[in-house]
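Everything on this sheet refers to the single structure shown next.
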Amino acid sequence: METDMYHDVPCSSIAVESIISVGTGGLIWGSCAGPYDANLKGLTGISRASFLAKTVGKYGFQCGLFAGIFSFTRCGIRRYRNKSDWVNALVAGGVAGAAIGAGTRNWKQVAVMTSFLSGFCAIADRSRAI
């Protein structure tokens, strides 16, 4: 069923679905992590509310960005290669990791993020298929 979906549905629709679902998870995570971080910094009042809004938005945006790049790239590679295997997730994880790491403008962090997310995504994809 999953391979049929990837041939019938446009990659952009798959990317939007993953951005919404994973981005929402990021918003929820930011809603949990933000107050904790605000307490550690001793923020109160308007500065706390501003910090919480920025934290929630940052987590939601980063998670949604990763999900969108990963799912769009994986779908495109799957269609191009006409195969559904771990290589698709490996490459897509590398592309998404490079995009996230590029925001730091530190090439060492780009390489580390690319390697980590590429391997993680390939392992997750492979374990799901078993």
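Just checking, does region 65-84 include any residue being free of Cβ contacts under 8 Å to residues at least 12 places away in the same chain, out of contact with any Lys or Arg (no Cβ under 6 Å at 6 or more places or on another chain), assigned to a helix (DSSP H, G or I) and under 19 Å from Arg126 (Cα atoms)? Yes: region 65-84 contains one or more residues that are free of Cβ contacts under 8 Å to residues at least 12 places away in the same chain, out of contact with any Lys or Arg (no Cβ under 6 Å at 6 or more places or on another chain), assigned to a helix (DSSP H, G or I) and under 19 Å from Arg126 (Cα atoms).
Taken over region 61-114, the criterion of being at pLDDT 80 or above, surrounded by fewer than 20 Cβ atoms within 10 Å (Cβ to Cβ) and of a type in the set (Gly, Ala, Ser) is satisfied by Gly76, Ser84, Ala98, Ala99. Looking only at region 86-100, residues that are without any contact (Cβ under 8 Å) to a residue 40 or more places away in the chain and over 12 Å from the mean Cα position of the chain (by Cα) come to 5 in all. Filtering Ser118, Ser127 for residues that are out of contact with any Gly (no Cβ under 7 Å at 6 or more places or on another chain), outside any loop (DSSP other than H, G, I, E, B) and under 24 Å from Gly23 (Cβ atoms) leaves a single hit, Ser127. Only residues in region 28-42 that are closer than 10 Å to Val56 by Cα count as the first member; pair them with residues that are of a type in the set (Gly, Ala, Ser), Cβ under 7 angstrom, at least 6 apart or cross-chain, and list the lot. Within 7 Å, the pairs are Gly30/Gly60.
Which of the residues spanning region 34-57 are surrounded by 15 or more Cβ atoms within 10 Å (Cβ to Cβ) and either part of a helix (DSSP H, G or I) or among the charged types (D, E, K, R) (or both)? If the condition is that a residue be surrounded by 15 or more Cβ atoms within 10 Å (Cβ to Cβ) and either part of a helix (DSSP H, G or I) or among the charged types (D, E, K, R) (or both), then Gly34, Pro35, Ala38, Arg48, Phe51, Leu52, Thr55, Val56 are the ones that fit.
Looking only at region 20-31, decide whether some residue is out of contact with any helix residue (DSSP H, G or I) (no Cβ under 8 Å at 6 or more places or on another chain), surrounded by fewer than 16 Cβ atoms within 10 Å (Cβ to Cβ), among the hydroxyl-bearing types (Ser, Thr, Tyr) and more than 27 Å from Trp107 (Cα to Cα). No, that holds for no residue.
Scanning region 1-33 for residues that are over 21 Å from Ala96 (Cβ atoms) and either of a type in the set (Ser, Thr, Tyr) or in a loop (DSSP other than H, G, I, E, B) (or both), which turns out modelled with the highest pLDDT? Here the residue is Ser31.
The values are calculated or read from the model by the stated rules, or taken from the named source; none is laboratory data. As the structure is a computational prediction, the values presented were derived from the model and not from experiment. Cβ atoms come from the backbone with ideal geometry, glycine included; neighbour counts cover every protein chain shown.
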